[in-house]
Structures are given as C-alpha cells and as structure tokens.
1. Which links in B:217/B:489; B:217/B:333; B:248/B:425; B:317/B:489; B:293/B:425 stretch past 20 Å when you go from one Cα to the other?
2. Among A:46, B:254, A:65, pick out the residue whose Cα is farthest towards the positive end of the charge dipole of the protein assembly as shown, where Lys and Arg carry +1 and Asp and Glu carry -1 on C-beta, about the Cα centre.
3. Please turn the phi angles of region B:642-658 into ³J(HN,Hα) values with the Karplus equation 6.51 cos²θ - 1.76 cosθ + 1.60 (θ = phi - 60°), one per residue in order, whole Hz, x for glycine and proline.
4. Over the Cα atoms of region B:492-639, each weighted equally, I'd like the Debye log10 I(q)/I(0) at q = 0.09, 0.17 Å⁻¹, rounded to two decimals.
5. Per residue of region B:613-620, in order, report the coupling 6.51 cos²θ - 1.76 cosθ + 1.60 (Karplus, θ = phi - 60°) as ³J(HN,Hα) in whole Hz, putting x for Gly and Pro.
6. May I ask you to rank B:26, B:596 by accessible area, largest first, using a 1.4 Å probe over the protein chains only?
7. Average the reciprocal distances over every distinct pair of alpha-carbons in region B:169-263, invert the result, and give the Kirkwood radius in Å.
8. Under the rule a/c < 1.5 gives rounded, and otherwise a/b versus b/c splits prolate from oblate, where does region B:595-671 land using the Cα gyration tensor?
Amino acid sequence: MTVLPISIGILVAGGVYLLCQPGMVRIVFGITLLSHGANLVLLASGVSAWRGEPLTGTGDPADAADPLPMAFVLTAIVITLAVTIFMLALAMIGHDDDTLHMPDTGEDHRA
Amino acid sequence: MTLVWLLAALAAAPVLVFPLTSALGRRAGWPLAIGFLALAAAMIPSGREVLDGGEITQTVAWLPALDINLALRLDGLGLVFVMIALVIGAAVFLYSVEYLGESRQLGFYLWMAAFALGMVGLVLADDLILLFACWEITSLASFLLIARSGSGAESASARTLFMTFVGGLTLLIAVVLMIVTTGTTSMSQSLTSDVWTDRPGFTAVVAVLVAVAGFTKAAQFPFHPWLPDAMAAATPVSAYLHAAAVVKAGIYLLLRFSEAFSDVPVWNTLLISVGLFTAAMAALFAFQQHDLKRLMAYSTVSQLGLITAAIGVGTEKALTAAVIHTIAHALFKSGLFMMVGVIDHSAGTRDIRRLPELRRIMPWSFATVILGTAGMAGIPPLLGFVSKEMILGSMLEAPGPAWAGMLALAAAGAGSVLTFAYSAKIVLGAFVDGKRELKDCHGPSARLFLPAAAPIWVGLPLGLTVGVFNTPVERAVQAMGSSAAYPLKLWHGLAPELLVTAAAIAAGAALMTRRRALYRLVENDFLPGTGADALERIFHEARRLGRTISKSVAADHPRRHVVPPLIVLTLLLGVGSLAVLTAGDDVPATQPDLWRPVDVGLLVLIALGVVGTCRADSRIAATVSLGATGIAVTVQLFALGAPDVGLTQLMVEVLTVLVIMMVLRRLPGRFGHSHLRRPGGPLVLAGGLGIGAGVATWLLTGRREKSVPADYYLAEGTKVTGGDNLVNVILVEFRALDTLGELAVLGLAGVAIVAVLATVPSRTLDPPRRTHRPSLRPVQALRDPQARAALTDPQSNLRALQLLLRVVVPVLLVLSAVIFWRGHNAPGGGFIAALVASAAVALVYLSRPDDRAVGPPRVHIALIGGGVLTALATGLIGYADSSFLQPLYGTVAGTKLSTSLLFDVGVYAAVLGVVMVAFDRLGAAPEHDPDAESAAEAPLGRTKEGIV
C-alpha cells in the first residue's frame, strides 16, 4: 500500500469539483489543485521509493531520485503560474466572475 | 547568371523594397525596373545556351531527408515565361511610378516583387514540391495585391483567394499522387515516367486535377469570375498579374504538363471544350461591359480560353500557337491594361458611357489603343494576327472525328467575331463616341504613356519579323516533348483559318455599324446573377452550416467544454485500471518503501486543504485553504527529494496567492450566487476521476526499477555538463528545447494579459450590481478610530513595511543572484532566482500607498521579449558546434562555464517579466468608478487595506 496515490486522488477530485463550478475564480482554484495532483503523478512516475536529492556528490547515488520527472514538474509549475495569472486576469474583466452570465460587451456574439 | 542567383536576386527585391520605398516613395519603381531589366540582360547568356538546344539545370539540397530539392531548370518553355515576367515586370514598374499616388506604396512594391519571385520560381522549378510552393506564392501575392485596394476589394479578394486555392488544392493532390506513383519529386523525371502510358485510369485522374488547377489560375469557366473581381486591384497590378503573369501561370502549368497528357483523351476534351466555351462566353461578357477595365478582364479570360483550347489540341502546331499567342497576349494585353490606366488618369473615369471623344486630345494614345486592340482582334500584320490565326488553324487538328475540328474552328470563329466587336468597342467607346465636354480632360505625361505604349508598339515590328520567334518557340515546344515546331510565318497562304479571320473581321465590322442598338441589347443583364453572386451564396451557406454545427458544441460557460473530456478521462482511467487488474499476474509488485510516515501527515493536510477550498463560501477563506494545500504539496515535493521543484513551488505558491488577492479586491466577497443548485453531478464526476486517478497512479507507478534515463542522468549528467544539479542541467542543457517552449508559453501569457485587459475596458461591460461590491474591509474595526486610521491611512499603515524593505530588498536581490549562480550545482537556477526577485517586486508593490506599477512602463514586456530572444539566441549559438541549443563550454578564470548560463538568463528575465505584468496590470487601480465610491462612503477604493 502506498500513500501518494490517495493524495493525488483527493487533489484531482477537489480540482474537478471546482472546475465544474460557475465562477472563474473557483475554476482557477480547480486548475491549481488539478495541477498539484498532476505534478505529483509525474513525480510518482519516477518511483517514490528513492528519495535522495539528485545532486551529484550528495548522498548515495543508488538512493537518488529520478531527476527527469522533476525537470518536467518544474516546467509545469511555471506554466501553471502563467496560466493561473492569465485566467485570473480574465476573471477580473467585468464586475464579477460569473461564467454563466454573459455580460453585455456591446459586441455581437452571433458573428 | 546561374538560376540560383537569379532567384536570390529576386528574393532580395522584396527585402530591398523596404529601404527603397522609404527613401524614394513611389519612385522605388525605377530601381526595381532597372533591376528587372538587368536580370533579364544577365539571363541572355543562359538564354543563348538554351536557344542552342541546351538545358540549364541547377540543384541545391533543400530537404534532403525527404528528397525535396531546390531543383531548377531553364529550358525553352521556362525561358519564354522568365522573360515575360522580367520584361513586362520592368515596364509595369516604370509605369507604376507615374500611375500610383504620391505616397510610400510599400505594400504595392513589396507584393509585386514577391509575386515576381514566385512567378519566376514557378517556371524554373523542376521539383514538384517547389512548383507547388511557388504556385501558392503567386496566389497569395495576387490576393494581397487585390486586398490592399481598400474596403471595396475585401470580398473580391476573398473570392479570388478561394478560387485560386481550389486550384492549389487540386494541384497539391496531383503533385502528391505523382510523387507517390512515380517515386520522384523531380518534375522532368516524373513527366517522362512510364506511369502515364501504363496506367491510363490514374493518368486521367491526375490530368483532370492538373487541368482544374490550371483553369483556376487561367480564369477558365467555371472559375473565371475571379478575374473581373480582381479588377478592384490597382491598374499596374492588372497589367502585370492579370495580363502577363498570374493568369499565365495557369497556362504555363497546362503547357508544362501537356508533355505527359497531350495524348490523354480526357485532357484533350476538357481543355478544348472548356477553353472554347470560355473564349466565346467571356467574349460576349466583355462586349457587355462598359467599364474598360472589366472589359479587359473578360477579354483576357476569352484569350486565355483560346490558348487553353490550343493546349488541349496538343499537336506541334497547336502548342506553337499557344506559346506564341501567350507572348503576343502578354505584350498587347499588359499594354492595353496600362492604357486603360492612362485613359483613367486623363479623363477621370474608365466608363465608356462617360468618356468624351478623347482622340482629339490624345492622338498617340488613340493610335496605341488601336494598335493594341487590332492585335487582340487578330488583324494583320501584327503579332496578334500571326498567333491567333495559328490557334484557329490548329483547331482543325483537334483529336477525334473530323467534325470535331470543324466544330472547334467554328466556335473559335464565333468568339473571334465577338473579339473584334469588343475590341472595336474599346476604341470607339474610349476615343470616338461620347458626348462629354473635353475641357476637364488632359493628355497623359510621357512618363506614364511610354511604358504603357511600349509593349503594344513592339507588336508591330515583331509581327512583320515573326521569324525571330522561330527558334525560341521551337525550343519551348521541344521542352514539351514534341519533336519539331511549326514554322512561324506572317503569310500562310489561303488557309481555312485565314478565311475564318476574314469572315470574323467582316462580321464584327458589320455588327459594329449597328452598335448603339447592340449595346442596348446586351448591356442589360441577361443572366440571373453573376459568378461572384453564386460564390457569395456558397460562402453564405457554408457559414450557416458552420454555425449550425458549432452551435451543437458551443457554449459561453466553460463547464460545457470541460466536462466531456473529464468524463472520457474518467472512463479511460476506470476501464484501463480494471483491464490491468483483471489481466491477472502480469502486474509487477510495487517497490518496497514507496511511502514514508511524513506522507500520511501531508495526506491529512492536503485533504483538509482541498475540502476547505471546495466548501468555502468566502473567497478569502477559499484562498487561504488553497494556499495551505499548496504549502502541504510543497512539503510533499521536498519529502520526495525534489528540492528544486519544492523551492519553485513555494515561490509560485506565494506569488499566486498575492495575485489572487489583487484580483479578489474587485470581485464580490462571497461565491454565494455562483454555488450550484444541484451539486450532485460534479460530485460524482469528481469522485470518479479522483478514484480513477488514485487507482491508476497506484497501479501504474512504483512498480519498476529506476528508469534508463534516470540511470543515465545520475551517472553521466555531471560528466557531460559539469553541473552537479541534475534537474537544472536537464532544464537548461539536455532538454533546453522543452524549456524554450515553456518560455514561449510563459511570455505569451504575459503578452495576452496585457492585450486582453487593454482591449476589454470594463466600462464597456455591464454596470456592477451593488449587492456584490467587495466586502474585504473589516467593518467592525472601522468603528474604533485608531483601527480606522490604521486601515484607512495607507501611509501610516505601510511605514513599517517600507522600513523593512530597505533591508529586505537588497538581501532578496543578492539572494536571487546567488541562487541563480549556484543553480548549476545546487538547488537554484533561473526559475527560482527569478521568483525570488519577483518576491522583491511584490514587496515593493505592496509597500506603496497607491497602486503604482513597479518599474518603468512596459519594462515587463521588454523583459519577456528580451528573455525569449536571449534564449533563442543562445540556441543559435549552438549551431557553432552542432545543433540548435547545443551548449558550448569554456573555462573563464578557472571556472567552467557553459552557454546554458546565458539561456538561464533568458529564463530569468521572462519569468520576472510575467510576474511584473501581473503586478502592473492586475494590481493597478481599478478604473474610476463613481458608483463604487459613493457606495463605499469613503475614498477607500484605491488603497490596499484588503491585502496588507
């Protein structure tokens, strides 16, 4: 038995629940939780049995963790930051972040 | 001059247009014309070699892996078209200088030069892919030249693009079929392949596809409407593209492929019938017009129809006629188009009904137009007479029964009657008939008139000495696989075609004596609609169909887009996990020690945080829970032995919460109204996907030994790069391309925020609902005067932080530099260092009493752009060694350095830039909103008491 998958499950469940809510801010929160879950999945793919820091010359190389998923996750975190900021900017347009109500922008949406 | 240099010179022209038009304005046409003439002169040695029976080929590897080459070949056929493109191009450029308005005219010269490159590339291409690419360049340049003629040209240019792209698609299909079947991308090899005789069915399919492609460019029925539409473009564009070049690209394609298809019955039938029908139909339409330019357009369609029919006949005589008529038509038609421009300039209109008796003030123009139209109508002794008579004569050689040839000749003859009629209409309408006073008209300047008249006047001596074309035309016809050409003569004896010509002239002249009655008869529309109308109807229906289809999936609310993929993902994970579980004993055992006690504690924290985030009704409470979850996840990352990831996550967590707080200031305090009425569906989906993700992770991870890449990086990473921090060296060296892509995403998000917020000012949106104003202010505290002062006076409120900053900011900046520098060997690097610097930016922002941006305006965009460009430039440096992004190493003052450090600088700048965008654009003061201020009873709206 292992613990990490349960944490991942909880993060994903919370993220999906929020993603289904109306309101941009909750959707952004959902994305944040989902990306936490996804990042942990990536790290889990590196097998969590070895948890030594992947720094050459530090600790026992046999115990070092897989550095490749870490590089992926690091990239993913920064992209999540960018996407989160962008979505928050979208939430800020108008006077609330309700996604069910389409504000009147003066534009014709029928194309 | 080698062919590659010719193309390189033509490719340089569009680039040179920028400085030329900037320095000379519309007079940039002079250097361009001189350049084109110089290129034509430089091609004379090569041309002589071709005329002596040689063939010049040159190949530069382009995509060797796909066997696609920049293969160029100059043979007799190519030579004719290269010379047309260069010489007529030069004349048109000279003419443009006087014709165009007094402004820079960058777009005109740019796309004309780009077009010339595409056209010459097309006729020199000996590679099928290159042929297609150049074909599309001519289509696009033609579209752009029409589209730049103002709003009236928009729909016309779109229709042109649509029709020429239909041909582009059929050509692409044909080219791909040829490459796959004949196994080579070389056009000369492909066209002489045995496939064409061995597989008649396949040959017929490719022949039809090529014919359709040729028809679209050469404006043959039913694709002809684009050419009259294209008259929206400036007259020099029409003189070059619509008389000499783009339409001749279609003719070139048909001529070039006739080597393979001239014996294919479907090719003969299609080209002859469509060509002759188009010739007659367009001649009639031309006669209907009273706009001289549209008349010219239809007459071009008609003339191209004759050439198409001759190519369809495919005998030596017919192909000779097609080539010589292509030359003749390029000369007289480009000249006539330019003369229409001359008339337009002199009289202010090109409508026959409003033109006065211009012959009185423009005798030379009168003579020139007579000469040009006489060539078009095939009157001896002009070049147009020779070529047209040959086309008529070649009709008798049409394959099939004898009556087919007679029928073709009769059809062409009928077209000739109308051709004479509309030619006469041009002359009479522009120069002879007309009631308007002459007083506001003026003769043309010599600089406008001479380039326009030159192509027409050379038709006279060339007609008398038509023998000079014998060798070039013979070489051109030989290039199409025919053994010999038909000798060109002014006088062929009393052949049937001469009788037809004479009859046509007589009939046309007879018609024109009754022209007033005739005009009244034909100038009414006798068709229910034009081709352009039909095309618009097709567009309209296509749009409606598209809207109907998109309606079934479109929604403003994101849930409708998000839920279906989530359901599919749930099913995939569920079904997949079940399949793996029931497959039996194939699943390996998990590794021992997959979890540690600390994981359990973090699990509890994460669970509490997630539940809190989901259940909170207050936005602040949800944010706090989200932040707590983030911190728990960060600790989990550290616990997994990922210090770099953990540090990054920690910094991102802090910055995310700060940005969320800035946004929340403008939003209602509670989610309240946005709670779902029926939470059942999302709960089920969330539970399903959560369980699915957990089970799949348990099932599919932790059941193997260390991966091969992991072993490689752990064993070799430091040896290869000299860096001890393997995560960092993967990011900036091994997988730098990933990181570059990520930087692009990051930078784009920053630019998108700036763009979106700039284009959607909130004043254009719905007025706010008062009940949902922010309620971040602790209302109770405001009753206590001291607390009120502390909260409402931002100056005193922030003093402590401002003092602290003097120490903290330098420390943070030094820390950032240290973290950056040590990144290669210890946890750190560009990402983390930039996030630490971002924290300093955040603190500076927070310590200000007003919502001013940190740093000079637009510095963030400069940082993003500079960062991405730095990373790209580092990538290019890699070419010095082997490939893009290949790091170079060197030792400076005893320290081993790598260009990846420079790459990391790019990362640093871009990340910092995006965070600064967030603080600048999201943290700026909300727009002035009197409604909100009165509701808040005190000017609190612009302070940030909600944050600090």
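1. Values: B:217/B:489 30 Å; B:217/B:333 17 Å; B:248/B:425 25 Å; B:317/B:489 12 Å; B:293/B:425 13 Å.
Check vs 20 Å cut-off fails for B:217/B:489; B:248/B:425.
2. The Cα lying farthest towards the positive end belongs to B:254.
3. 10, x, 4, 5, x, 4, 4, 4, 4, 5, 5, 4, 4, 5, 4, 4, 4
4. Computed log10 I(q)/I(0) values: -0.69, -1.20.
5. With coefficients 6.51, -1.76 and 1.60, one gets 4, 6, 8, 4, 9, 7, 5, 4 Hz.
6. Working: B:26 35, B:596 75 Å².
Reading off the accessible areas and sorting them downward yields B:596, B:26.
7. Numbers: mean 1/r = 0.0701 Å⁻¹.
Computed over region B:169-263, the radius equals 14.3 Å.
8. Values: a/c = 5.54, a/b = 1.61, b/c = 3.43.
Oblate is the answer for region B:595-671, as a/c is 1.5 or above yet b/c matches or exceeds a/b.
The values are calculated or read from the model by the stated rules, or taken from the named source; none is laboratory data. Please read these numbers as outputs of a predicted model, since none were measured by experiment. All Cβ positions, even for glycine, are placed from backbone atoms using ideal geometry, and neighbour counts span all protein chains on display. Note: accessible area is taken over every heavy atom of the protein model, side chains too, but ligands, DNA and RNA are not part of it. Shrake-Rupley method; radii C 1.70, N 1.55, O 1.52, S 1.80 Å.
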